Amino acid sequence: MIFRTLGVLDLVAVILLLGAAFFPHALLLYAGSYLVIKGFVFIAASRDIASLGDLVCGLYILLFVAGLGVPLLNTAALIYLGQKTFFTFVKVGFEFYSLYRFLRESGAESGQQIYYLR
């Protein structure tokens, strides 16, 4: 559930960065702040290299709002966040599919109790 929520928030950040000319800068500030906070939290918790990318993209969005945007960096941030969001949703889809197959193959349709532990 948390991966799905974080994936949706990443997708919102991608959409806001894509439409930066149309959306208010306050929304971009929220998206940049979210990515910076998420990056710090996951770097501290798991030492994940992808979280460093979130941190860098969040800092870039904050600089972009301040007027220091570079089109090449904008494209790089969009590609990074877009592919990360895509693979997050692929992972969530595989988890739902594996749960569905587990329940179907274990006879859950017949009304018996099924306990599913991850």
Filter result for the condition that a residue is touching a residue at least 60 places away in the same chain (Cβ under 8 Å) and of a type outside the set (Gly, Ala, Ser), over Val36, Val14: Val14
I'd like the residue in the stretch 1-52 that is over 13 Å from the mean Cα position of the chain (by Cα) and not hydrophobic (A, V, I, L, M, F, W, C) and, out of all such residues, is nearest to Phe87 (Cα to Cα). Asp48
Checking the conditions here, which among Val36, Val65 is in contact with a helix residue (DSSP H, G or I) (Cβ under 6 Å, 6 or more places away or on another chain), farther than 17 Å from Ile2 by Cα, at pLDDT 90 or above and surrounded by 13 or more Cβ atoms within 10 Å (Cβ to Cβ)? Val36
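The values are calculated or read from the model by the stated rules, or taken from the named source; none is laboratory data. All values reported here derive from a predicted model rather than from experimental measurement. Neighbour counts are summed over all protein chains in view; Cβ atoms, including those assigned to glycine, are modelled from backbone coordinates with ideal geometry.
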